[in-house]
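The values are calculated or read from the model by the stated rules, or taken from the named source; none is laboratory data. Just so it is clear, the structure is predicted and the values come from calculations on it, not from any experiment. Heads up, the Cβs are rebuilt from the backbone with ideal geometry, glycines too, and the neighbour counts pull from every protein chain shown. Note: areas computed on protein heavy atoms with side chains; ligands, DNA, RNA excluded. Shrake-Rupley method; radii C 1.70, N 1.55, O 1.52, S 1.80 Å.
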Amino acid sequence: MPRILGIETSCDETAAAVVEDGRRVLANVVLSQVPVHRLYGGVVPELASREHLRGIVPVVRQALEQAGPLRWADLDAIAVTCGPGLAGALLVGLTYAKALALAARLPLLGIHHLEGHLHAVLLEQRRNDRPDPPLPAVALVVSGGHTQLYRVERPNGVFTYRLLGQTRDDAAGEAYDKVAKLLALGYPGGPLLDRLAGLGDAGAVAFGRIRLKGNPLDFSFSGLKTAVLRHVQTHPGLQAGIADRRAAIAALGRAPTLDDWRAHCDQPTLDLIASFQAAVVADLTQRALAAVDDAADAAPIASLWVTGGVAANSALRRSLQAQAERQGLELFAPALALCTDNAAMIATAAFPHFERQEWADASLAAAAQLPLGMNIAS
Ligand code: KG4
Ligand code: ZN
């Protein structure tokens, strides 16, 4: 049974994993750089590259150790994310993977980061001994860097991905992080806003639907972010709350807990967060389901997938689940650890390419921008 070592360094997680037969996770190590970037309220590309350089060797060693321990001879291939992502960050993983492949005489596979996120859905099924979701599928990939809708099919056993819509400006996770930063609620903002949203009234601030000309399956979150900013600017109470919270959290002298954040959020702030989250969730749900409807005249969609960091959002999962059920569709989503960036998803996505022996050679380059939908490995 083939074993693939996956390496992922496209953004702010240094990750390595060993996956056997595209279904058994022998190790899945993720070194998060959040503590480094938190100070700046967002990912700083130069710092990300530096941290990957520091982390990559121990992280890969730890993955091999946990998986067995395994020796290089126990592996069958090395799969590495080659794009899209931060150029310098990608380069660290790619260069290391190339050197390892050469030294250990293992074949190398270049994997698209979003193909990884999509295959996290498959991995979740397989590692629980469940069958792959029925195809064709509509897949919503929502993370800090991406908001994309794909149609996933597998004609003649080869996975194909058709881009149906994507964000024209901010990704959904980016909007979460920017709103959290505006409200002095730490970094990354998504998980915290998700928890605090449950304490507010989602109907308190009417943000209205996000309207776009052109492709109705495209997304845009920068207008919503600006609407949140306007709302704060026109409500002095909220501004005072932000200043108080910033001072109170800084004065703690330790990492704030959920209770700390809660204690320093007044009701209008919680209502604003709940309303923001409701607007994001409604928009993502509506467009994902519109993509399902849209496809009805081709082969009808058989399953709905959601993956990426924002797929960890409890309200989004509930909303997609409810709407999918109404259409008689099953929703598939990875467990939390496979939603956010990891290398198990990269090793899993590599398996079909491994079977077709789509080896990369020394010319494999890191690509900050890389469309999904072609054979990138050869
Ligand atoms: O997939 P990921 O780990 O990295 C990227 O490829 O971007 O996603 C990270 C993003 C961050 O923007 C974070 O705020 C968001 O996912 N996120 C969430 C939640 N958990 C993580 N957003 C909303 N609700 C959550 N529960
Ligand atoms: Zn990602």
The stretch 16-82 accessible area per residue, 1.4 Å probe, protein heavy atoms, integer Å², reads 48 Å²
Rg from C-alpha atoms of the chain, normalised by the globular rule of thumb 2.2 N^0.38 Å, equals 1.00
Over the stretch 135-301, with neighbouring protein chains present, the accessible area per residue in Å² at probe 1.4 Å is 44 Å²
For Arg246 and Gln286, extending 7 Å from Cα along the Cα-Cβ vector and measuring point to point gives, in nm, a value of 3.3 nm
So, over other residues within a Cβ distance under 12 Å of Arg209, counting Lys, Arg +1 and Asp, Glu -1, the net charge is +1
Computed, not fitted: 222 nm per-residue ellipticity of the chain from DSSP H runs ≥ 4 (each -39500 (n - 2.57)), nearest 500, equal to -14500 deg cm²/dmol
Under a Gaussian network model of the chain whose springs join Cα atoms within less than 10 Å, the largest fluctuation of Ala243, Ala343, Ala101 belongs to Ala243
Of the accessible area of the chain, computed with a 1.4 Å probe and all protein chains kept, carbon and sulfur make up a percent value of 54 percent
Two pseudo-spin positions, 7 Å from Cα along C-beta at Val158 and at Lys181, lie apart in nanometres by 4.1 nm
Nearest 10, in degrees from 0 to 90: the angle of helix 344-355 to the longest Cα principal axis of the chain is 40 degrees
Sequence order, the stretch 270-284: Karplus ³J(HN,Hα) from phi using 6.51 cos²θ - 1.76 cosθ + 1.60, θ = phi - 60°, Hz rounded, Gly and Pro as x, gives 4, 5, 5, 4, 4, 5, 4, 4, 4, 5, 5, 5, 4, 5, 4
In whole percent, the Cα-Cα distances of the stretch 135-301 spread across 5 Å bins from 0 upward as 2, 8, 16, 19, 16, 12, 9, 7, 5, 3, 2, 1, 0
In nm, the gap between the two label points placed 7 Å beyond Cα toward Cβ at Asp293 and Ala255 is 4.4 nm
Looking only at lysines whose Cα falls under 30 Å of Lys213's and that sit 8 or more positions away or on another chain, we get Lys178, Lys181, Lys225
Largest fluctuation, Leu258, Leu123, Leu238 only, Gaussian network model of the chain with Cα springs under 10 angstrom, belongs to Leu258
The answer for the net charge of residues other than Gly22 whose Cβ lies under 12 angstrom from its Cβ, with Lys and Arg +1 and Asp and Glu -1, is 0
